[in-house]
Amino acid sequence: MTDMHFTLEAKPLNSKALPSTFAARRVLNTTATDVRSTVDDVRLRDAVWRRAMTILLLIVLLCLPIAVLKNSSGAASGGAEPMEVVSYTVAPGDTLWSYAERVTPEGEDVSETVEELKQLNHLQTSSLQVGQRIVVPIR
């Protein structure tokens, strides 16, 4: 913060308005005190704001590693079990649906297995090319 400088302009006093120099000094001292208290108020407000921002920054810095550790441990333990897979070379007439039907347990939804195969093989669509290699989980 930059220092604030105030200039008081001195004007000749009318002797009738303020009969003594004591009264003039009192007016100047009051004005200087008001300026000092305003500057002190601003400094106090800035100090409180800086302290609040420092506390907020410390809270964020303390919570960030906790959030990162929580996300990384959740990803490592959530469904990352080893899976046995078989690799197939796509033949003419083969579809992702036909591979999904082979491995989907009785009574389960084949479309969910198709989505799983798409994720497992990093496919954007269900289309397959002849000669393409895909992996299919063994169940």
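Read the figures in this text as sums done on the coordinates, not as results from a lab. Because the structure is a prediction, the values reported are computed rather than measured. Backbone-built Cβ (ideal geometry, glycine too); neighbour counts: all protein chains shown.
Descriptive notes on the structure:
- Positive minus negative residues near Pro105 (Lys, Arg vs Asp, Glu; Cβ under 14 Å): -4
- The residues neighbouring Ile134, those whose beta-carbon lies less than 11 Å from its own, together hold a net charge of +1 under the Lys/Arg +1, Asp/Glu -1 convention.
- Net charge of Cβ neighbours under 15 Å - reference Leu117; Lys, Arg +1; Asp, Glu -1: -4
- Gain on full stretching of the segment that runs from Trp49 to Ser37 - 0.36 nm per residue minus C-alpha separation: 2.5 nm
- The modelled label-to-label distance between Lys70 and Glu106, using points 7 Å beyond Cα along the C-beta direction, is 4.4 nm.
- Inter-label distance, Arg133 to Glu116: 2.3 nm, where each label sits 7 Å from its Cα along the C-beta direction.
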